[in-house]
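Encoded as structure tokens, the structure appears first; notes follow it.
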Amino acid sequence: MQFKDYYQLLGVEPSATAEEIKKAYKRQARRYHPDVSKEKDAEQKFKEVAEAYEVLKSDDKRREYDQLRTQGARGGNGQFTPPPGWESASHYSSAADQAGGFSDFFESLFGRQGSFHRAQGAGDTMRMDGEDVHAELALLLEELHLGSEQTVHVRVPEVDVHGLVSHRIKKLKVKVPAGTAEGSVLRIKGQGAAGFGSGRQGDLLLKIKLAPHPLFSVDGRDISLVVPVLPWEAALGCKVTIPTLQHKTRVSIPPGSQSGQKLRLAGLGLAGNPPGDFYVVVKVVMPPTIDDTAKALYQQLAAGGDTSPRPWENQP
Amino acid sequence: MTTTVLTVEADADGLWWTLHQLTSASVLQADFIAECVALGLAEVSGEPVEWRFSPPARMRLEKAWRLHRDLEVPASALPLVLQLLEEIDYLHAEAAQLQARLRHWEGHG
């Protein structure tokens, strides 16, 4: 264990008065306090300064420390060992005492306390950042496209001052921006698990899932709609009315369209930058019933046709 | 599947601590909280039993407590100190953004 020179940490002489020690602590605390300092490793340095002040501000602890400073055993490698049988008279045990997150060196001299009680006191830089909480949010396609306000319930862990973990259900209203894509993660700052001490609050990470749509299928920002057409509509071409995310629109199916042919409506997919496209997928279907008139017409077509849709039958 | 991280605002009406919950779950003590409320560090209404504290309010109160305890900032100066610290953070963030944009434009120049 390395010996800590508390006087050096505060930048004062071992003969410094209580007033000088207090002033030195204030100066160093102002410089390294994690809430105000931009210094590198400020938190670790503030811990050391707070620990030094915890010892040197108390007459009893300072007397004991001075005694150890001169009598403690130090090996050739500079390692420090308290004298055999050492026990502090000003044992550190009260929750009202000002300490926390102190070094092994400090604890070997003045004892230690349950870790969670350390959260109280001037030396408290004990901190534990709250965990990020992950959840999923299923939305309809229209809600993704237009944006929506959703109420979500998430279960987050909480740690009380005694270190006990419990869970509670948080109810949050979340605004989902228009054009949010499936698989996006919404980060809601400060809505995850609570931090401990000066630790930051975790975030809530909501992964957006897409609920199945009865008409549309989605690929990234592109949307597809299968449009059934009758054989003569496919053969002669036709105009059909289709729904899109924005509104209903008319689309021309070109003559001679085959099943599976795609027609692209640029920019009519999901909102975004750039927006996705909307694809009409032609699907030729037979009418549910064929009456005698239709049957006769089909027979005329069959008699006149000399090309098979099956390529292996057209080979010479 | 693309994963985009967006930052959105949340209305956390289901996550507010009462005074009792806050003193149980944090190092804050009721008299300090009451003093901060009187100084306008946390906005609440009604009687103390009706007070509700949001997560940002809790973080602000805890920061105020650390400044008060560790740096001996007088309670009456806490609103000013917190406001100045928040403004410094904001200005640092804004300066970083402007520098990033400047670098971007210099790269295209």
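The values are calculated or read from the model by the stated rules, or taken from the named source; none is laboratory data. The shown structure was predicted, so the numbers you read here are calculated from the model rather than taken from an experiment. In this analysis, Cβ positions are derived from the backbone assuming ideal geometry, glycine residues included, and neighbour counts consider all displayed protein chains. The accessibility values were calculated without ligands, DNA or RNA, using every heavy atom of the protein model including side chains. Shrake-Rupley method; radii C 1.70, N 1.55, O 1.52, S 1.80 Å.
At-a-glance table
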{"item": "Qualifying residue in the range A:50-69 (condition: assigned to a loop (DSSP other than H, G, I, E, B), modelled with pLDDT under 75 and not charged (D, E, K, R))", "result": "no"}
{"item": "Members of the range A:32-63 found to be under 35 Å from the mean Cα position of the chain (by Cα) and touching a residue at least 12 places away in the same chain (Cβ under 8 Å), listed by number", "result": "A:Y32, A:H33, A:P34, A:D35, A:E43, A:K45, A:F46, A:K47, A:E48, A:V49, A:A50, A:E51"}
{"item": "So B:L22, is it modelled with pLDDT of 80 or more and part of a helix (DSSP H, G or I)", "result": "yes"}
{"item": "Exclusive hit being at the interface with chain B (Cβ under 7 Å from one of its Cβ atoms) and either open to solvent by less than 10 Å² (accessible area, probe 1.4 Å) or not aromatic (F, W, Y) (or both), set A:R200, A:R187", "result": "A:R187"}
{"item": "Residue list for the range B:55-84, restricted to those being of a type outside the set (A, V, I, L, M) and more than 9 Å from chain A (Cβ to nearest Cβ)", "result": "B:R60, B:W65, B:H68, B:P74, B:S76, B:P79, B:Q83"}
{"item": "Hey, A:A193 in contact with a strand residue (DSSP E or B) (Cβ under 8 Å, 6 or more places away or on another chain), buried (at least 20 other Cβ atoms within 10 Å of the Cβ), within 14 Å of chain B (Cβ to nearest Cβ) and not in a strand (DSSP E or B) or not", "result": "yes"}
{"item": "Yes/no for A:Y25 being open to solvent by less than 80 Å² (accessible area, probe 1.4 Å), under 42 Å from the mean Cα position of the chain (by Cα) and more than 16 Å from A:F110 (Cβ to Cβ)", "result": "yes"}
{"item": "So A:L210, is it within 12 Å of another protein chain (Cβ to nearest Cβ) and open to solvent by 30 Å² or more (accessible area, probe 1.4 Å)", "result": "yes"}
{"item": "Filter result for the condition that a residue is away from chain A (no Cβ under 12 Å), open to solvent by 80 Å² or more (accessible area, probe 1.4 Å), more than 17 Å from the chain's Cα centre (by Cα) and among the acidic types (D, E), over B:E43, B:E106, B:E35, B:E87", "result": "B:E106"}
{"item": "Subset of the range B:46-84 [part of a helix (DSSP H, G or I), loosely packed, with under 12 Cβ neighbours inside 10 Å and of a type in the set (G, A, S)]", "result": "B:S76"}
{"item": "Residue that is at positive phi and not acidic (D, E), where the choices are A:G260, A:G276, A:G269, A:G305", "result": "A:G260"}
{"item": "Residue that is farthest from the other protein chains (Cβ to nearest Cβ), among those in the range A:166-184 that are among the hydroxyl-bearing types (S, T, Y) and touching a residue at least 12 places away in the same chain (Cβ under 8 Å)", "result": "A:T180"}
